[in-house]
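Asker: Following this message is one structure expressed as structure tokens.
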Amino acid sequence: MNKKKKVVQLITSMADGGAETLVKDYAMLEDRNQVDMIIVSWCEKLGSANERLLKEAGVRVVYLGEIYRDKAEKSIFYKVVRRVRKYTEFRKLIMEENVDVIHVHLRFGRYLKALPSDVLKKIKLFYTLHNEPGKYFDASGSGKKGFEYKEAKRLIDKYGLTVITLHKQMEDEVRRLFDTDNVITINNGINLERFDRSKYDSKSIQNELGIEEDTKVIGHVGSFTYQKNHEKLIGIFEEYLKEHENSVLLLVGKGVEKQQMIDLVKGKGLDEKVIFLENRSDVPELMSIMDVFVLPSRWEGFPVVLIEAQAMGLRCVISDKVTKDAILSDRVCVVGLEDESAGWIEAIEEHKEPEEPHGTLEEFDIRRSIEKLTELYS
């Protein structure tokens, strides 16, 4: 019988973003007879839905950001001590737990610097690239992206780090960027069983949110960041509302730009037409009341939320900066990022032909992804 593998999933935080949700699903659905998984968050607890679900499922999560947290907020000295202690505690955990695999998500260069060479040589290293390579790496730069590139190159060449990409175009780009064959594509899967509209009482959910029956619900799920382009979405909805008064915009998520977007909505007098929600563990239920899902992102790696929306049977309107490999149904329309609101509204109103699918939803069942990961870990 094969020895159970001890796997650390290392991530910046356990917020409610796509990468964090994927890690949460890995931990909750992984076969615990084969894999003993620990999630290590470099940040403190955030009170997110993902954190709540992991706690309820009994998954072990280590929050390095909790070290000296209160003192660090008040003292420069403790901020420095805190950073050193985070590295020390991370190294201690890896060594004491006899970890077999470290699987890193999002930025990672500085984290693995904490581990000595003899430890790294004994551990299988994986890194899932959750966004376009150019957003993380710069082979010619000297800043943060340059450092990330040099560290990734070092780990690939010296310790056999395997880069996991989300689609073939990304895989080819990483192969060229690092001159390596240590690259594999694994789909960003979802738990398809949860995204079944027939399971949910949409009328009851609408009532809870104060949305009247027959109201058109335009929805978006995602962090309030520059990448997700909420300002564009709010502008599109403002124009749509002029001809479709019986409509609301449902925005689910949190992030650094959330207050800015709340202020924008208030400034436009749309307070009663835009609903902001955050820290939700019921995304499938919320999607069940949406009529259209809109994703005007400035860039994306492979948006899990778009797979979720398609699994829910929603009409999806996305920007031309979203990879077409994520189009898995015949209900997705692509609109130019720089197009005026009229072009987006045409797609929302179903006056624009959808794209041809580039795959099937079944290929993105997270259990398939977990099976591949378990094989790699072994």
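Laboratory data are not the source of any read-out in this text; all were calculated from the coordinates shown. The shown structure was predicted, so the numbers you read here are calculated from the model rather than taken from an experiment. All Cβ positions, glycine included, derive from the backbone under ideal geometry; neighbour counts span all protein chains shown.
Asker: Each label point is 7 Å from the Cα along the Cα-to-Cβ direction; what then is the distance between the points at residue 66 and residue 256, in nm?
Answerer: Label at residue 66, label at residue 256, 2.6 nm between them.
Asker: Let me ask something additional. Of the peptides 74-80, 310-316, how do they stack up when ordered by the mean number of other Cβ atoms within 10 Å, highest first?
Answerer: Output ranking for 74-80, 310-316: 310-316, 74-80.
Asker: Using Cα pairs under 8 angstrom and six or more residues apart, how large is the relative contact order of the chain, in percent?
Answerer: This gives 15 percent for the chain.
Asker: For region 72-183, with only Lys/Arg (+1) and Asp/Glu (-1) charged at the beta-carbon, what is the dipole magnitude about the Cα centre, in debye rounded to 20? Don't jump to the answer; show the numbers that get you there.
Answerer: Working: 24 positive and 16 negative charges, 133 e Å.
Once rounded to the nearest 20, the dipole reads 640 debye.
Asker: Under 8 Å for C-alpha pairs, at least 6 residues apart: give me the relative contact order for region 46-202, rounded to a whole percent.
Answerer: 14 percent
Asker: Relative to the present Cα-Cα distance, how much length would full extension add between residue 268 and residue 374 at 0.36 nm per residue of separation?
Answerer: 33.2 nm
Asker: Sticking with this one: Rounded to two decimals, what is the ratio between the C-alpha radius of gyration of region 192-362 and 2.2 N^0.38 Å?
Answerer: 0.96
Asker: Also, I was wondering about something else. R0 = 41 Å: FRET efficiency of residue 121 with residue 355, Cβ-based, nearest 0.05?
Answerer: 0.35
Asker: Going by average Cβ neighbours within 10 Å, how do the peptides 34-45, 50-61 rank, with the highest at the top?
Answerer: Those peptides, ordered most packed to least, come out 34-45, 50-61.
Asker: How far apart, in nm, are two points set 7 Å out from the Cα along the Cα-to-Cβ line at residue 179 and at residue 97?
Answerer: Going by the 7 Å Cα→Cβ label model, 3.5 nm.
Asker: What number does region 1-155 give for Rg over Rh if you use C-alpha atoms and the Kirkwood radius?
Answerer: 0.96
Asker: Ignoring everything except DSSP H segments at least 4 long, calculate the 222 nm mean residue ellipticity for the chain; use -39,500 (n - 2.57) per segment, divide by total residues, nearest 500.
Answerer: Theoretical 222 nm ellipticity from helices: -11000 deg cm²/dmol.
Asker: Tally Lys/Arg at +1 and Asp/Glu at -1 over every other residue whose Cβ is under 9 Å from the Cβ of residue 301; what's the total?
Answerer: Counting the neighbours of residue 301, the net charge comes to -1.
Asker: In whole Å, how far is the Cα centre of region 167-185 from that of region 294-329?
Answerer: Distance between centres, Cα-based: 22 Å.
Asker: What does the extension gain come out to for residue 192 and residue 339, with contour length at 0.36 nm per residue minus their alpha carbon separation? Walk me through the numbers on the way to the answer.
Answerer: Working: separation 147, 0.36 × 147 = 52.92 nm, distance 3.27 nm.
Going from the current span to full extension adds 49.6 nm.
Asker: Kirkwood Rh, region 274-378, all Cα pairs: how many Å?
Answerer: Kirkwood radius, region 274-378: 14.9 Å.
Asker: Would you calculate the volume per residue, in Å³, of the smallest convex hull containing every Cα atom of the chain?
Answerer: Residue-normalised Cα hull volume stands at 158 Å³.
Asker: What distance in nm separates the two pseudo spin-label positions at residue 73 and residue 225, each 7 Å out from Cα along the beta-carbon direction?
Answerer: 2.3 nm
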